[in-house]
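The values are calculated or read from the model by the stated rules, or taken from the named source; none is laboratory data. Values in this document were obtained by computation on a predicted structure and should not be read as measured data. Reconstructed Cβ throughout: ideal geometry from the backbone, glycine too, with neighbour counts over all protein chains shown. What goes into the accessible areas is simple: the full protein's heavy atoms, side chains included, and nothing from ligands, DNA or RNA. Shrake-Rupley method; radii C 1.70, N 1.55, O 1.52, S 1.80 Å.
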Amino acid sequence: MADLETVEYPIIWLQAAGCTGCSVSVLNSVSPTIKNLLVDEILPGKHIDMRFHPTVMAGSGEAVIGELERVGQGDRGSYVLVVEGAIPLAQEGSYCLLGERDGQGVPIFHWVESLGRDALLVIALGTCASFGGIPAAAGNPTNCVGVRDFFASRQITSPLINLPGCPPHPDWFIGTLASILLFGLPKLEELDVLGRPKAFYGGLVHENCPRRAYFDEGKFAKSLSDEGCLYELGCKGPVTHADCPTRLWNQGTNWCVGCGGLCIGCVEPTFPDLLSPLYERIADEDMPGIGEQQVVKG
Ligand code: FSX
Ligand code: SF4
């Protein structure tokens, strides 16, 4: 349990246009558990103070909106802002509202802008917050954008880390947070060109896939339950940067390809539009040389 000597790190967690799967994923964290994260010191002398999280907090209404405003009016650079979900801009932001002022709903983009500007660090958690993701898929009637594009449009230059994944692995979030508490903000060379920590997103799924030998031999599965590489069935592992094959999910139980599904490339900015149809083979010209840096489109 945190004691009086402990340094508190306030976190404000906003949920914009998404499915809340990012929260659910982090809530399923095993090591540390979410209880350890919220109640204990995840590092000696350092305690996460989750001041606002729509799914976890018990309060509601004016009391919690007031808390949001109070933290935002505190010292510049004194809190971490986590954004989950894409930011809808159409219809003056009316597709995603948080709280009210003078009887009118406040668009989420207002909060992301005002809190993002003064944050010590902003974490865009999930593919929707990082790149737009599913809410920004072709058609995009709500004109959803990711945090990076939103900040660029408002000249907001606060440090931003992208932790995509639909959903993101809980370790990617908690590992990033723990690393910041230990060593401070990541150095530029620790992030890839898309602002993702290389520690988690530095390699291609295809490089560490246990079915890779089948790919090299040209032994391809004809259906999802077959032995063999799932490339012909649409696996996007060759163009997807994540450590799923070695980290595994659900307390090391399994991962998409391991349980007979294919990698859908959910951590990439090209997801879902340019990686669709999910069950169709990627074009040969999109296959990078293995081990080379992927050229990211879009
Ligand atoms: Fe997006 Fe979060 Fe996918 Fe869902 O809310 S990254 S739709 S798993 O969970 O934003
Ligand atoms: Fe594994 Fe997919 Fe690569 Fe085949 S194409 S080796 S299934 S990541």
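Some values worked out for this structure:
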| item | result |
| --- | --- |
| Set K35/K236; K187/K236; K35/K198; K46/K236 screened for pairs whose C-alpha atoms are more than 31 Å apart | K35/K236; K46/K236 |
| Label zone at E92, where the point sits 7 Å out along the Cα-to-Cβ direction: region 134-166 residues whose backbone N lies under 11 Å | none |
| Estimated distance in nm for a label pair at D49 and V24, the labels positioned 7 Å out from Cα along Cα-to-Cβ | 3.2 nm |
| Cα gyration tensor shape of region 203-298, rounded if a/c is under 1.5, else prolate or oblate by comparing a/b with b/c | rounded |
| The chain - percent relative contact order, Cα under 8 Å, separation 6 or more | 15 percent |
| Per residue solvent-accessible surface (Å²) - the chain, probe of 1.4 Å | 48 Å² |
| With every protein chain in place, the chain: carbon and sulfur % of accessible area (1.4 Å) | 53 percent |
| The chain: C-alpha pair distances exceeding 35 Å, % | 21 percent |
| Prolate/oblate/rounded call for region 87-199, Cα gyration tensor, a/c under 1.5 rounded | prolate |
| Calculated [θ] (222 nm, deg cm²/dmol) that DSSP helices of n ≥ 4 give over the chain, each run adding -39,500 (n - 2.57) | -6500 deg cm²/dmol |
| The chain: most fluctuating residue of P135, P277, P54 per GNM, C-alpha cutoff 10 Å | P277 |
| Relative contact order of region 203-298, defined on C-alpha pairs under 8 angstrom at six or more residues apart (%) | 30 percent |
| Pairwise FRET efficiency - V56 versus A283, Cβ, R0 = 35 Å, nearest 0.05 | 0.25 |
| Within straight-line cross-link reach of K222, aspartates and glutamates at Cα separation under 17 Å, skipping those fewer than 8 residues along the same chain | E232, E280 |
| For the chain, cysteines whose Cβ has no other cysteine Cβ within reach (under 4.7 Å) | C19, C22, C96, C128, C144, C209, C229, C235, C244, C256, C259, C263 |
| Average Cα contact separation per residue, region 56-168, under 8 Å, 6 or more apart, as relative contact order % | 29 percent |
| Potential extension, D216-R247 segment - 0.36 nm per residue separation minus Cα distance | 8.9 nm |
| Sequence-distant residues sharing a close amide H with K46 (under 5 Å, placed H) | V7 |
| V145 long-range amide H proximity, modeled H, under 5 Å | I87, L89 |
| Per-residue HN-Hα couplings for region 118-130 [Karplus 6.51, -1.76, 1.60; θ = phi - 60°; Hz; x = Gly/Pro] | 10, 6, 5, 7, 10, 10, 8, 9, x, 5, 4, 5, 6 |
| Environment charge of K236, counting only residues whose C-beta is closer than 12 Å and scoring Lys/Arg +1, Asp/Glu -1 | -2 |
| Under Karplus coefficients 6.51, -1.76 and 1.60, residue-wise ³J(HN,Hα) of region 147-153 in Hz, glycine/proline x | 4, 4, 5, 5, 4, 4, 6 |
